[in-house]
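K.L.:
Have a look at this one before I ask anything.
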Amino acid sequence: MSDDTTLAAFRLADTALPVGTDSVSYGLEQFIASDRVGDSDDLRALLSTYLTEQLGPGDLVALRVAHAAASEGDCAGVVAADQRLQAVTLSAEFRESAERTGERLLDLQRDLRSDDLLDEYADAIDAGAAAGNYPVVLGTIAGREGVGVREACLLACHEFVSALLGAAQRLMRLGSTAVQRVLDDLRPVMIEAVEASAERALAAMTPFAPLIEISSAVHERADRRLFLS
């Protein structure tokens, strides 16, 4: 990648990007509240499950399809990826969180860049033809910025894990060194998830993590919540 493209990838991977990913925990808050996650070992195991059972067979497949379509200027392909991801995401909280953060990321990118495909995609979202799921928006923007698809998938995994580790620090006693150790330990799992996603077509998108989805459903009805999901 060129230096400009590399810097674009760094920006997209930054957890400080003002798109709201710091306000979601994707069920982690409920796992901690129910004492299913109590230390860094539990956290590492849960995040590994997220990567291999949800991101790999779900989000990353949609990201790849959106990336390819966006690289060719094919908005219909981007919308198809968005529709499929929306259909296989069972948790209402996960759908709402992905839509909210995806919309913010798309709006931010459109403020920074003039791009007819992004405008067309935004119009499709406004018309109700697409939901604007975050992984699809991320793949679309990465494709338009020239970021390679494998790099975009690794970026998505790193950003997702970093965001949840940030949530874990706010929810439990976990030091910065412990957080970095978990992040480092999960590198092989991220690579595995990315490689597994390359073997799936859009029709074969099959995320399956029932305990995570149940935890999200319980969290949706919790009396006190620090995170939106």
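The values are calculated or read from the model by the stated rules, or taken from the named source; none is laboratory data. Values in this document were obtained by computation on a predicted structure and should not be read as measured data. Note that each Cβ is placed from the backbone with ideal geometry, even for glycine, and that neighbours are counted across all protein chains shown.
K.L.:
With the requirement that a residue be touching a Gly at 6+ places or on another chain (Cβ under 9 Å) and more than 18 Å from residue 104 (Cα to Cα), what does the stretch 128-151 give you?
P.N.:
If the condition is that a residue be touching a Gly at 6+ places or on another chain (Cβ under 9 Å) and more than 18 Å from residue 104 (Cα to Cα), then 149 is the only one that fits.
K.L.:
Tell me the residue from 95, 84 that is surrounded by 19 or more Cβ atoms within 10 Å (Cβ to Cβ) and either within 14 Å of the chain's Cα centre (by Cα) or modelled with pLDDT of 95 or more (or both), please. Outline the logic, then answer.
P.N.:
Numbers: 95 fails: surrounded by 19 or more Cβ atoms within 10 Å (Cβ to Cβ).
Criteria check complete, one pass: 84.
K.L.:
Further, regarding this structure: Could you grab me the full set of residues in the stretch 114-131 that are of a type in the set (A, V, I, L, M, F, W, C) and under 20 Å from the mean Cα position of the chain (by Cα)? Write out each step before concluding.
P.N.:
Here is the first cut: in the stretch 114-131, the residues of a type in the set (A, V, I, L, M, F, W, C) are 117-118, 122, 124-125, 127, 129-131.
Across the stretch 114-131, the qualifying residues are 118, 122, 125, 130, 131.
K.L.:
Can you tell me which residues in the stretch 180-200 are touching a residue at least 60 places away in the same chain (Cβ under 8 Å) and of a type in the set (A, V, I, L, M)?
P.N.:
182, 186, 189, 190, 193, 194, 196, 198
K.L.:
Among the residues of the stretch 155-211, which ones are surrounded by 13 or more Cβ atoms within 10 Å (Cβ to Cβ), farther than 21 Å from residue 33 by Cα and either β-branched (Val, Ile, Thr) or touching a strand residue (DSSP E or B) at 6+ places or on another chain (Cβ under 6 Å) (or both)?
P.N.:
Result: 189, 191, 194.
K.L.:
Taking the stated definitions as given, is residue 181 assigned to a loop (DSSP other than H, G, I, E, B) and either under 21 Å from residue 40 (Cβ atoms) or hydroxyl-bearing (Ser, Thr, Tyr) (or both)? Even if it seems obvious, please write down each step before you answer.
P.N.:
Numbers: assigned to a loop (DSSP other than H, G, I, E, B): no; either under 21 Å from residue 40 (Cβ atoms) or hydroxyl-bearing (Ser, Thr, Tyr) (or both): yes.
Taking the combined requirement at face value, the residue does not satisfy it.
K.L.:
So, one more: If only one of 35, 115 is free of Cβ contacts under 8 Å to residues at least 60 places away in the same chain, in contact with a helix residue (DSSP H, G or I) (Cβ under 7 Å, 6 or more places away or on another chain) and not aliphatic (A, V, I, L, M), which one is it?
P.N.:
Result: 115 is the single residue among 35, 115 that is free of Cβ contacts under 8 Å to residues at least 60 places away in the same chain, in contact with a helix residue (DSSP H, G or I) (Cβ under 7 Å, 6 or more places away or on another chain) and not aliphatic (A, V, I, L, M).
K.L.:
Looking for something among the hydroxyl-bearing types (Ser, Thr, Tyr), in contact with a Phe, Trp or Tyr (Cβ under 8 Å, 6 or more places away or on another chain), surrounded by fewer than 16 Cβ atoms within 10 Å (Cβ to Cβ) and part of a helix (DSSP H, G or I) - is there at least one such residue anywhere in the stretch 12-28?
P.N.:
Yes, the stretch 12-28 has at least one match.
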